[in-house]
Amino acid sequence: MSDLELFEEIKQKLIEQNRSKEDIKSVEKAYHFAKKLHEGQYRVSEEPYIIHPVQVAKILVDLKVDTHTLIAAFLHDILEDTQTQPEEIKELFGDDVLSLVQGVTKLSKLKFKSNEERQAENFRRLFIAMANDIRVIFLKLADRLHNMRTLNFMAANKQQKIARETLDIFAPLANRLGMGKVKAELEDLALRYLEPDKYFEIAQLVSQKKAEREQTVQLLIDKISKDVKAAGINAQITGRAKHYYSIYCKMKRQNIAFHDLYDITAVRVIVDSEKECYEVLGLIHSQFKPIPGRFKDYIAMPKGNLYQSLHTSVIGPRSKPLEVQIRTWQMHEIAEYGVAAHWRYKEKGSEKADNASDLQFSWMRKMVEYDKEMANATDFVNSVKLDLFSDQVFAFTPNGDVLDLPKDATPVDFAYRIHSDVGHRTIGAKVNGRIAQLDTKLVNGDIVEILTSKTQAPRLDWLNFVVTKQASQKIKQWFKKNNREEHIEIGRTNLEHELTKTVFDEYQKQGEFEKIAKQMNYISEEDLFAALGYGETTLNKIINKIQKPKEKSVEFRTSTRKKSEKDIIGLEGMMYSFAKCCSPIPGEPIVGVVTRSKGVTVHRIDCKTLENIEPERMMDIQWAGTNTNKTYTTTIRVETADKLGILKDIIAAVSDNNTNIINANVKSRNNVGIIEIGLELDNIETLKKVTNCLQALPDVFSVKRIQTSSQNKQNKQNNKSKNNGKNKNKK
Ligand code: MN
């Protein structure tokens, strides 16, 4: 078919679409203008070049795009392939057409090279970001579709490359735009070049099964048509094979051969209203058993690309599973033409597409939101946040990988996004082939080459301009790591000073720091010290994590005390506690005993338990003073006459001396009252006063300070009372 004949077809369609005479005239003008400019140019197929833009326009007229887009279709290659200046287009066709043509030209310069799926996603985003106007994407998709239709004229290696790009970039784009028809054709064409064997196998089998398919549909129609008519529903029922690529995917996914694939046929029912969709669904389900779990209501819950339909699978005629799609005519049009159809409905309603930007904005937003790969909420939120990608920049590596970076990202951010080693070694950057400052703000489509040197190290001033967290973290980390020895030393010294060397060494021997390091997600003890050294963690955090395992060899019961209280000279910064056995109080001579894991235990120098302690574990310590502003506990034993009211007198005497009673245990044995009282007081002088006061009471026989251990208290007391009893008995 000649280009003129094709153009006549387009013109006919425009008339059918009730386009204004002026519109048709300017489309015609565009055709003649392009034809003249492409004069003498030929495609690989040896056809005159003008065939291509006319075919692209023909695809677009079927999508019923607006007139400017149609004009741009004719002109879409002239900026790149001819000497035409933008001003000329502007003069002849206006600003809008020019910006569309420039948009397509700009996109055609993007080359997608990477094989990674993630890259494909970025590339699609870049595409959308750079297109600015959704109509540019229509143009680009139509352009690609025609190129795919004529791909057989290309060299084999080019076919593969273009087909791959089509499958990775353009078919998903069409899908997001809801353009099901374009998407399916792009996928099938791509498959033909990427997997020719599979493609032709499927094509052959689909055509072989055509008769069977038609019979199936006919049987279905026979079964339900009466009911459909009775319900007053005007339905068009068709059965068609799914497109090849979807059959291919299914075979691949389920790893089955073609003849095992039962549902390559999809029955499509198109009705007038949404209500009728559900009615037809009911009719079908009453005749054919639905397959559980296959019903999907995309009417109530449209897909992200605004696709609507009811989907169900039933055990169809001849007991074969059958997929059924039910939709209205309007839903059908949207399923086939997607955003283009929306465009059209909008245009009808509002005379002119003056709300076009609103519509395209919401569509682009939807395109971003809609992505099956976006499995989690974070991705979703991020994608919504991207909006029109205004806060993102897409830049290329020289290999063609696209990196998405936040707005204002610099070559240093880019370098760290590639790899932290690349970042660390950056000495310079080329942007679009030219040496650029490292703080240059990148823009969409920049090709960035990072220049590195093995001896280069990051610079602290980079922190002033990098915008990615990744870069700033890596830079900071580098500085931490590279002063590692120093940091370890600082951290270790701090900790040693806080705990004292003795305790520190003890902990280290026990592997306590290794344990804490693991708990705090550091690899080793050294990393923990380093982290402390450069301030990533604090002394308190580490000390709070120190475990206090039960002592094994040293059986002292101790009450732990905060190490920060400086009441003892010789234990500064150390963890220590007071032995419960002897409960030392300020003013009496004391000694420190180094324990395995609890720091130092403070005993009275006359404590009996010290007899079993090796001298090398003892530390020379003394009270900082008698007035430490703190209280200490100790226990006294008072023997009294077994007399009512004696306890009251004792309590009064104790309280008079500014001393608290924390517990009291009263017993009576052979007419002797035995009262053990736990006291809380400040120093030895107070204890003496209390003792003196108590002894002054007429009914008190004796007052003694006693040694107990809190845990064994009960037992010991029991033993004691037994012993006492025995003793008394012996007496
Ligand atoms: Mn083209």
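The values are calculated or read from the model by the stated rules, or taken from the named source; none is laboratory data. Every value quoted in this text rests on a predicted model; they were computed, and no experiment measured them. Note that we place each Cβ from the backbone using ideal geometry, even for glycine, and neighbour counts take in every protein chain shown. Surface accessibility is based on the protein's heavy atoms, side chains included, excluding ligands, DNA and RNA. Shrake-Rupley method; radii C 1.70, N 1.55, O 1.52, S 1.80 Å.
In the range 144-169, the residues that are part of a helix (DSSP H, G or I) form Cβ pairs under 6 Å with partners that are within 12 Å of the ligand (Cβ to nearest atom), at six or more places apart or across chains, as follows: LEU145/ILE59; HIS146/GLN55; HIS146/VAL56; THR166/MET148. Those helices (runs of 4 or more DSSP H) of the range 396-485 in which at least 3 residues are over 26 Å from the mean Cα position of the chain (by Cα), considering only elements entirely within it, cover 469-482.
Using the structure shown, decide if LEU679 is at pLDDT 80 or above, assigned to a strand (DSSP E or B) and either within 27 Å of LYS630 (Cα to Cα) or open to solvent by less than 80 Å² (accessible area, probe 1.4 Å) (or both). Yes; evaluated as a whole, the condition is true for this residue. In the set (1) in contact (Cβ under 8 Å) with a residue 12 or more places away in the chain; (2) within 25 Å of VAL182 (Cα to Cα), LEU79 fails one condition alone, (2).
Counting only residues that are among the β-branched types (Val, Ile, Thr) and modelled with pLDDT under 85, how many does the range 456-485 have? Qualifying residue count, the range 456-485: 0. If you go through the range 147-165 and pick out every residue that is within 14 Å of the ligand (Cβ to nearest atom) and open to solvent by less than 10 Å² (accessible area, probe 1.4 Å), you end up with 2. Evaluation of THR634 against the conditions (1) at pLDDT 85 or above; (2) in a helix (DSSP H, G or I) shows that the sole unmet condition is (2). Only one of the numbered conditions (1) of a type in the set (Lys, Arg); (2) surrounded by fewer than 24 Cβ atoms within 10 Å (Cβ to Cβ); (3) away from the ligand (no atom under 15 Å from the Cβ); (4) modelled with pLDDT of 85 or more is violated by LYS183, and that is (2). Only a single item in (1) in contact with a helix residue (DSSP H, G or I) (Cβ under 6 Å, 6 or more places away or on another chain); (2) at pLDDT below 75 is not met by LYS562, and it is number (1). Please go through the range 34-64 and give me each residue that is within 12 Å of the ligand (Cβ to nearest atom) and among the hydroxyl-bearing types (Ser, Thr, Tyr), ordered by number. Scanning the range 34-64 gives a single hit, TYR49. For HIS419, the conditions (1) surrounded by 17 or more Cβ atoms within 10 Å (Cβ to Cβ); (2) modelled with pLDDT of 85 or more all hold with the exception of (1).
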